[in-house]
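The structure appears below as structure tokens.
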């Protein structure tokens, strides 16, 4: 099961963090953006090529230090099909650098449509007699509001292709309480979702005891991390909300099991936009990103020892 | 508000139905697929061009009779960026034929990411000093599990660009009960979501009394349609699950208000794949789709009169 692969990479790099690739055009250093605007004008094409160069540069800077990257589909979709072409190239590039790729797509649909999404992101698409990998990430994020119909086709591809997925349980944003914290009998909605995730993923455990179906639990809710870590002992956690959203190393320690396993913490803007704080106009974006990622790794190391 | 535009088109064509464009490669008539495989081999490129021709042919066949089409993103994503390019062209083509376009993307994310999705599907992306419409649909589907943070950026674009959105409430699939039917105090989770949708959308009412934020409620639950129609009197409904999934005209009548307004019913496979039942190997796919769409319209007409 693919969380084994991720856990092995985390262990090798002694770093349970994932770098988000969520670049709006404004996050791209001016010298990169200018190059493509000079070539193509102020077009989506220029923006897509600029984001591609920026993300590749980030990958080059981080590849020996972080185990995984998490491109966020929204920032590529906003550049149209050219953005999706860039996303395709970025996933392939990250994999060529031996990084684990989590496609943050938060898809959720049913039956044949869920199967189509799974073919797009994890599996393969059949054309005549030929099977084509499409975006071919190692892992995706999913939304389970529609129930197991939305998840099962992905579980099949997880098994067939040794991949994995995270389903939203308790998200890091302020308004997550509006639905997720509603009381449902002796549970809350996010606990119900967590229990469903553990149930849906049963029979897919890997060598570290974690199933191929993980959960998203925000860094901004340390007590929830503690509660769900105890309750969902076979569920790997993706923990967003570190840094910019207010999650701390002290908080995210509760996402890990007693062997320092079973979770990965995401940071996006604090790494990507680190260059905006050094006063060098982005010329040092790689060094700045690397320094921010090292800082985050070292902060978490104070609380978590990976065995 | 954009549901006014949709309601006007429904009224003009006396037809409260939307044709789903959800084409897997296998749904494309063989003579179309063969043409592109001969050109490009058994590739994603061939598949994307074949789906594009098929969908355009369906649009040509249906444009004077249905008010709206609903391309489903999954079936384009499974063809990679070439599929997204085809989706882009299909949305523009449908709009050029004066059809209302609902991009069925079921996106759900927070803050700046939700804003990026909204720019992608409803609004515009800024590159330097230039604003670019991207996929530029009239309407999208959303997933509200993350709360208002996932919806507000879309509401802003709905107001700025006269567009609208549907949020999942009670979906048509069997496993929708796993989370959506959980008891939460004196409500069920889908009722909680429905109430949130009505609340989030307040202050966006159009001339027919409907807000810019609608709800997805499946045709397979007539009693839920009846209950939510009463409860959410300002919420326009998108009703999937007609035909193949078991929803009937007798069931979907409850989605409409007493003036026959406030809802649109989707059918996808029964229209797209109608050619598979006529024994003509797809040569008649346009006539078959049109006949299926007419049948659906006339079935619903027996129960719903649009004033």
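The values are calculated or read from the model by the stated rules, or taken from the named source; none is laboratory data. The shown structure was predicted, so the numbers you read here are calculated from the model rather than taken from an experiment. Cβ atoms come from the backbone with ideal geometry, glycine included; neighbour counts cover every protein chain shown.
Applying the criterion of being out of contact with any strand residue (DSSP E or B) (no Cβ under 7 Å at 6 or more places or on another chain) and more than 10 Å from chain A (Cβ to nearest Cβ) to the residues of the range B:183-194, the residue that is nearest to residue A:180 (Cα to Cα) is B:191.
Yes/no per residue for (1) closer than 22 Å to residue A:114 by Cβ; (2) more than 10 Å from chain A (Cβ to nearest Cβ); (3) at pLDDT below 95; (4) touching a strand residue (DSSP E or B) at 6+ places or on another chain (Cβ under 8 Å):
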{"site": "B:132", "(1), (2), (3), (4)": "no, no, no, yes"}
{"site": "B:137", "(1), (2), (3), (4)": "yes, yes, no, yes"}
{"site": "B:154", "(1), (2), (3), (4)": "no, yes, no, yes"}
{"site": "B:158", "(1), (2), (3), (4)": "no, yes, no, yes"}
{"site": "B:168", "(1), (2), (3), (4)": "yes, no, no, yes"}
{"site": "B:181", "(1), (2), (3), (4)": "yes, no, no, yes"}
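Do we have residue B:122 as within 25 Å of residue A:40 (Cα to Cα), more than 9 Å from chain A (Cβ to nearest Cβ) and crowded, with 24+ Cβ neighbours inside 10 Å here?
Values: within 25 Å of residue A:40 (Cα to Cα): yes; more than 9 Å from chain A (Cβ to nearest Cβ): yes; crowded, with 24+ Cβ neighbours inside 10 Å: yes.
Answer is yes for this residue.
Exactly one residue out of B:108, B:147 is in contact (Cβ under 8 Å) with a residue 24 or more places away in the chain, within 20 Å of residue A:172 (Cβ to Cβ), facing chain A (nearest Cβ under 8 Å) and under 19 Å from the mean Cα position of the chain (by Cα): that is B:108. For the range B:87-98, a tally of residues being buried (at least 24 other Cβ atoms within 10 Å of the Cβ) and either away from every other protein chain (no Cβ under 14 Å) or more than 17 Å from the chain's Cα centre (by Cα) (or both) returns 1. The set of residues in the range A:40-84 that are more than 16 Å from residue B:128 (Cβ to Cβ), in a helix (DSSP H, G or I), touching a strand residue (DSSP E or B) at 6+ places or on another chain (Cβ under 7 Å) and at the interface with another protein chain (Cβ under 7 Å from one of its Cβ atoms) is empty.
For the range B:170-179, filtered to residues that are more than 22 Å from residue A:177 (Cα to Cα) and assigned to a loop (DSSP other than H, G, I, E, B), the residue that is farthest from the other protein chains (Cβ to nearest Cβ) is B:172. For the range B:183-198, which residues satisfy the criterion of being in a helix (DSSP H, G or I) and over 26 Å from residue A:114 (Cα atoms)? Correct list: B:195, B:198. In the range B:1-39, of all residues being at pLDDT 95 or above, away from chain A (no Cβ under 12 Å) and assigned to a loop (DSSP other than H, G, I, E, B), the one that is farthest from residue B:96 (Cα to Cα) corresponds to B:29.
Scanning the range B:253-307 for residues that are at pLDDT below 95, surrounded by fewer than 19 Cβ atoms within 10 Å (Cβ to Cβ) and within 21 Å of residue B:216 (Cβ to Cβ) turns up B:269, B:306.
Given the structure, is residue A:56 within 26 Å of residue A:161 (Cα to Cα), in contact with a helix residue (DSSP H, G or I) (Cβ under 6 Å, 6 or more places away or on another chain) and surrounded by fewer than 24 Cβ atoms within 10 Å (Cβ to Cβ)? When the stated conditions are applied, residue A:56 passes them.
Which is under 28 Å from residue B:151 (Cα atoms) and surrounded by fewer than 24 Cβ atoms within 10 Å (Cβ to Cβ), of A:204, A:191, A:159?
On the way: A:204 fails: under 28 Å from residue B:151 (Cα atoms); A:159 fails: under 28 Å from residue B:151 (Cα atoms).
It is A:191.
Can we say residue A:197 is surrounded by fewer than 22 Cβ atoms within 10 Å (Cβ to Cβ) and closer than 22 Å to residue A:106 by Cα? Judged against the criteria, residue A:197 is not a match. Could you go through the range A:162-172 and let me know if any residue there is touching a residue at least 24 places away in the same chain (Cβ under 8 Å) and surrounded by fewer than 22 Cβ atoms within 10 Å (Cβ to Cβ). Yes, the range A:162-172 has at least one match.
Scanning the range B:105-130 for residues that are modelled with pLDDT of 95 or more, assigned to a helix (DSSP H, G or I) and more than 25 Å from residue B:20 (Cβ to Cβ) yields B:113, B:115, B:116.
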